[in-house]
Amino acid sequence: MNETIRTYLNEDRLPLPFCPGCGHAVILKALDRALVSLALKREDVVIVTDIGCVGLSDKYFHTHAFHGLHGRSITYASGLALAQPEKNIIVLTGDGGVGIGGHHLINAARRNMDITVLVFNNFNYGMTGGEHSVTTPIGSHTVTTHQGQIEQPMDICGTAAVNGGSFIARKTSFDKDLDDTIAAAIQHTGFALVDIWELCTSYFAVNNAFGKKNIQETLDSLHFKTGILHKREGKPYLALYREKVEGTKKKGGRLSGMEITHSSLLSRPFAVTLAGAAGEKIISAAKLFGQGGVRSGLFVTQRDDYPVTVKTGHSRAELILSPEPILYSGMERPDVLIILFEEGLRKVSTLLPELTSADKVYINARLGPVSTAATVMKLQFDHAGPLKRRSNAYAVMALAELLRHEALYPVEAFLEALQARKRFAADSLAAVKASEGVLEP
Amino acid sequence: MRELINGAEAISRAALDAGCDFFAGYPITPATPILLHMMRELPLRDGIAIQAEDEIAAIGMCIGAVIGGKRALTATSGPGMSLYSENLGLAVMGEVPLVIVDCQRMGPATGAATTTSQGDVQFLRWGTSGGFPLIVLAPANVEACYHCTIDAFQLAERYRIPVIVATDKETVSTFATIDTDRLIPSQTIERHTLPGSDPYRLYDYARPDLVVPLASMEEHIIRFNTSSHDPAGYLTKEPDQLDVLNTHLQEKIYAHQDDIDHYDYVPVEGARTLVISYGIAAGSALKAVQKAAEKGIAVSSLILTSLWPIPERILTEALHDVDTILVVEMNNGQYAREVERLAHMKQTVRRVTSVNGVLIPPETILQSGGVQ
């Protein structure tokens, strides 16, 4: 498309709907002139509007338009910028939108997201009747500050700049070069913001006898400057993201899966609860034990405890092994309860009295006696030779002994699962070997 | 080949297999594993994954990215769903294809973050202003997490609607044995784009039940508007136009329930009792039906995999010949009210519920149904 575009305004829809004297029309015309000066393709411009009078604006532009929810315009613009990095994403928001969506403004600035934010800042909510906003000057009268505003006005430019925004300007709608500043903001790569002060002629201006000179006085009293206040070169979010990913090895793909290499004689579902302690590799041992079952053609489920903070928990795993698919992963009582540490013993204290004489408890012989109807068998880790003090191998040792005593599936299948986890394979295989005879009736 | 995976992994893998190339999320138990999986995998596949500043931004970025041509997923739990609420409405109004995973945990508020629940079921349907329909699917187990997620992307694209996969802490975090050959997408999800005539009209449907395919921002000027809008996307409050818009938002879903309704109905000859379940409660229900059969008692089972819109046709059919209906769910009886509405006076609808995070024991269902 090589046409010379005379205006980006949607001429079918004109005139603009704003009140006489409202600064919005002035700013939109400056935006139009900025777009003309940049000679952008219509398809390369996305106008994202917030809510309020400014939210009516997208309708008047013959470009892409996105009209969403109050305060969230910057989030949509961020998504668009990540999906369409070549496009010029321009957010039109009021001071109200900045207030309700301030969190998004700060974070888009932090990320140096490649968008341009134009703030139509008229110190109040015009569409809903002139309520005060985050930029209402101290002492000003609005329908929600009858005695005068007592909240400090927000420094929008300062907020965006201090949080990493890379092009920050403050202008007024009376500035003759407003279109140049807007064009510079659009051209800037990264997060650009222009805070444009203007008059709401229906509410703020009339309620406060506030005119052009009062804008200047307010700026002066706050020691706020106008013009381009801050500009730095810096890669926007997506460029950095791509750079970091570049050169990373492509992987992923399908699940590798495990072959069924062994068989099991198990004829009914068998439940095991492993009660250990945080940091003792309970969950990972249980997972590998489950994988051994899968390699033997069994169906397995594993439910782990879900601690609030990681290093205080992850100490209990419930496994079901079954020759048939498992419909229900809940467990009334385990067939075998393995207690390895004091912490685990505490956690199963209410379970122990519920066990019957058909159930078994394997307990670390160093732990105190337990009261239960189940058959209690001791895990004599002192018999584990060089591994007798290697507490994070106890879970693997106990599970290997479980296989030897209950014949759930062949120990070889467990070894195969342990070997597949290469980083810990040597230690795990040693643990299986050392565990032989650890379980005593 | 078999694997031991949890629901979070099944959902994440399905999303990638469905062509998802954008994820934005915010950490929350128990949905975080999905965020982690996508943050790890998407960059390696030329996709974008971002941790947003909050849930509002997460879903907002997803919506922006979808209009920019991406296929997006986000995942959260109850408190995050609360924050998604306004943008859920926006996605309905703007007709945005988007898949949202709700890993339910016990509420209200922060609730019990690590305790399973199905307490969001009515909230998911009615949790945004206006009352217009969206689609909610509920996988009954780990493998179903995969297939539901694939279906969710398909339905989202087909009807330009947010689709919620309503799962729970238990399903996303429990490992189960799956056959890897079965984790293959049953369908290819294509984005239908419209070459069409310029100017493109995003909301210019030929019939109330049809949707206009999304267009590429390269080929067309897109006018996306989530205020009430006319066919071209311009704001309107003309009563005639509003009727057209609001009829469409309902008809595009309700007229296609044959395609949207997903369920697993196993009627048993001579059964006078029907067990209705969904999600995590389906395992308890299936086990109960199996135990009843072992005792020689015939009980039929209906597992709903789509909860909203209400699959009324199959519910009506399944209710037809039974006296007792047990509705099994891990909440305070939220879906039972939909069944009660459809049952006739002489039928007994019993709510078999749990609100303490403990999976419903199959025996409890049997006792409730008088099957001992």
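Averaged over the residues of A:327-335, the number of partner chain Cβ atoms lying within 10 Å of the residue Cβ comes to 6.
Among B:92-105, B:316-329, the peptide with the highest mean count of other Cβ atoms within 10 Å heads the list, and the full ranking is B:92-105, B:316-329.
Per-residue mean of foreign Cβ neighbours for A:185-192 is 0 (Cβ atoms of other chains, 10 Å radius).
Cross-chain or 8 or more residues apart, Cα under 22 Å: how many lysine pairs in the range A:348-441 fit that? Count them up, please.
Lysine pairs meeting both conditions in the range A:348-441 amount to 5.
Farthest towards the positive end of the charge dipole of the range A:22-133, among the residues A:A81, A:I100, A:A30, is the Cα of A:A81, using unit charges on the Cβ of Lys, Arg, Asp and Glu. The distance separating the Cα centre of the range A:34-66 from that of the range B:258-281 comes to 51 Å.
The tail of the calculated P(r) for the range B:238-372 beyond 17 Å holds 59 percent of all Cα-Cα pairs. Computed over the range A:265-382, the quotient of the alpha carbon radius of gyration and 2.2 N^0.38 Å is 1.04. Starting from the Cα of A:S263, move 7 Å in the Cα-to-Cβ direction to define the label point; list residues of the range B:1-17 whose amide nitrogen is under 20 Å from there. Flagged as within label range: B:1-2.
Relative to its Kirkwood radius, the Cα radius of gyration of the range A:133-279 gives an Rg/Rh of 1.40. Just so you know, the Rg over Rh for chain B is 0.98, from Cα atoms, with Rh as the Kirkwood radius.
Surface composition of the range A:226-353: carbon plus sulfur atoms hold 54% of the accessible area, using a 1.4 angstrom probe and ignoring ligands, DNA and RNA. Against chain B, whose longest principal axis is taken from its Cα atoms, helix B:55-67 shows a tilt of about 60°. Shown here: the range A:49-128, whose C-alpha atoms stretch 35, 30, 17 Å along the first, second and third principal axes, sorted largest to smallest.
Once you keep just the Cα pairs under 8 angstrom separated by 6 or more residues, what percentage relative contact order results for chain B?
16
Averaging the inverse of every distinct alpha carbon separation and then flipping it gives the Kirkwood radius. What is it for the range A:356-441, in angstrom units? The answer is 13.5 Å. If you plug the beta carbon distance of A:D177 and A:A425 into 1/(1 + (r/R0)^6) with R0 = 60 Å, you get a FRET efficiency near 0.30. Averaging the sequence gap over all C-alpha pairs within less than 8 Å and six or more residues apart, then dividing by the number of residues, gives chain A a relative contact order of 11 percent.
Between chain A and chain B, roughly 6000 Å² of accessible surface gets buried, counting both sides and using a 1.4 Å probe.
Against the main long axis of the alpha-carbon atoms of chain B, helix B:7-17 sits at an angle near 40°. Taking chain B as a Gaussian network of alpha-carbon nodes connected by springs under 10 Å, the highest mean-square fluctuation of the residues B:I314, B:I34, B:I161 belongs to B:I314. Among the protein heavy atoms of chain B, carbon and sulfur supply 50% of the accessible surface, probe 1.4 Å, non-protein parts ignored.
For the Cα atoms of chain A, what angle does the longest principal axis make with the long axis of helix A:178-187, in degrees from 0 to 90, nearest 10? Rounded to the nearest ten degrees, it is 30.
Label sites at A:A209 and B:R272, each approximated as a point 7 angstrom past Cα along Cα to Cβ, lie 8.9 nm apart. Calculated accessible area for the range A:32-142 comes out at 24 Å² per residue, all protein chains present (probe 1.4 Å; ligands, DNA, RNA ignored). Most mobile of A:K176, A:K29, A:K360 per a Gaussian network model of chain A (Cα springs, under 10 Å)? Comparing A:K176, A:K29, A:K360 in a Gaussian network model of chain A, the most mobile one is A:K360.
Counting only Cβ charges, +1 for Lys and Arg and -1 for Asp and Glu, the dipole size of chain A around its Cα centre is about 1080 debye. Each Lys and Arg adds +1 at its Cβ and each Asp and Glu adds -1 at its Cβ; summed about the Cα centre, the protein assembly as shown shows a dipole of about 1920 debye.
Label point of B:S186 set 7 angstrom out along Cα-Cβ; within the range B:258-298, amide nitrogens under 16 Å from it belong to B:258-266, B:279. Working from label points 7 Å from Cα in the Cα-to-Cβ sense, the B:L36 to B:Q241 distance is 4.9 nm. In order along the range A:278-287, phi translates into HN-Hα couplings of 4, x, 9, 6, 5, 5, 5, 4, 5, 5 Hz, rounded to whole numbers, per the Karplus curve 6.51 cos²θ - 1.76 cosθ + 1.60 with θ = phi - 60° and x for Gly and Pro. When the Cα gyration tensor is reduced to axis lengths a ≥ b ≥ c, the ratio a/c is 1.5 or higher for the range A:1-101, and with a/b not above b/c it is classed as oblate. Evaluated at q = 0.08, 0.09, 0.11 Å⁻¹, the base-10 log of the normalised Debye intensity for chain A, with identical point scatterers placed on the Cα atoms, takes the values -0.66, -0.69, -0.77. Label-to-label distance for B:E219 and B:R207 is 2.3 nm, based on points extended 7 Å past Cα in the beta-carbon direction.
Okay, helix-only estimate at 222 nm for chain B: each DSSP H run of n ≥ 4 adds -39500 (n - 2.57), divide by all residues, round to 500 deg cm²/dmol; what do you get?
Counting only the DSSP helices, I get -11000 deg cm²/dmol.
Counting only lysines at least 8 places from B:K346 when in the same chain, there are none with an alpha carbon closer than 23 Å to its own. Across the protein assembly as shown, Cα-Cα pairs more than 47 Å apart make up 33 percent of the total. Counting Cβ atoms of other protein chains within 10 Å of each Cβ in B:45-56 and taking the mean gives 4.
The values are calculated or read from the model by the stated rules, or taken from the named source; none is laboratory data. Please read all numbers here as calculations on a predicted model, not as lab measurements. Reconstructed Cβ throughout: ideal geometry from the backbone, glycine too, with neighbour counts over all protein chains shown. For accessibility, only protein heavy atoms count, side chains too; no ligands or nucleic acids. Shrake-Rupley method; radii C 1.70, N 1.55, O 1.52, S 1.80 Å.
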